[in-house]
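Heads up, the thing below is written out as structure tokens.
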Amino acid sequence: MDIVVRGKNVEVSPRLRKLAREKIRKISRLTHDAGRVEVDFSELRNRRVADNQVCDVIVHLKRNFVKAHAAASEPAAALDLVVDKVEHQVARIKEKRVARTHAARRSRAAPGDSDAASAAPVDVEADDDDDGLGPADRIVERKRLAMKPMRPEEAALQMDVLGHDFFLFTNAENGHAAVLYRRRDGNLGVIGTTG
């Protein structure tokens with residue numbers, strides 16, 4: 001893990017630089033794919049603000065990044081606060097990855113269940129073609145689907161069977177492509193195309 005400690009308009013003492021590196025290294029126990037971590041210290045130039053020492057941290061992971069910001073009266077205290085925030089965010093990302101892995105394993109075990117096997121309406125074909133995408137592109141997987149037309153109610157059942165938060169289908173009511181998705185409030189929404 002590459003750790004960069006900088007000061008924006010402030011001098012970072014060697015003691016603070018060493019402390020920052022030690023605390024940031026603890027993040028590596030939560031994730032194995034942290035490539036670069038940027039720690040920026042700055043100071044607010046406002047006498048009315050008591051917590052004028054600011055610490056910003058950006059952790060670059062393989063598929064996303066974590067960014068946190070904290071302020072305190074001392075730089076070390078701001079560092080402690082921001083490291084807690086970063087550890088919490090990285091732990092949440094790890095939990096989501098583990099949950100997805102377990103869900104994928106459960107769905108692979110599900111084909112023994114005849115209802116789940118017969119309910120799958122699509123043939124999924126992974127597209128591993130290298131389209132010359134640069135490292136900045138966020139597309140990590142492409143899939144091609146063969147879909148049969150269905151009503152949104154049937155698409156909702158299929159989405160639940162697959163355990164996904166969204167489902168692409170051809171709407172039997174109008175013949176257009178549509179996406180069924182789970183909203184944050186737990187309800188479902190449909191995005192449809194026209195023309």
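Results, tabulated for the structure shown:
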read-out	value
Per principal axis, descending, Cα span of region 1-96 in whole Å	42, 24, 17
Cross-link table K62/K148; K23/K96; K67/K148; K18/K94; K18/K62, entries beyond 32 Å C-alpha to C-alpha	K62/K148; K67/K148
Solvent-accessible area per residue for region 1-93 (1.4 angstrom probe, square angstrom)	60
Hydrodynamic radius (Kirkwood) for region 135-195, which is based on Cα pairs only, to one decimal in Å	12.6
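The values are calculated or read from the model by the stated rules, or taken from the named source; none is laboratory data. These numbers were taken from a predicted model, which means no experiment stands behind them. These area figures cover heavy atoms from the full protein model, side chains too; ligands, DNA and RNA do not enter into them. Shrake-Rupley method; radii C 1.70, N 1.55, O 1.52, S 1.80 Å.
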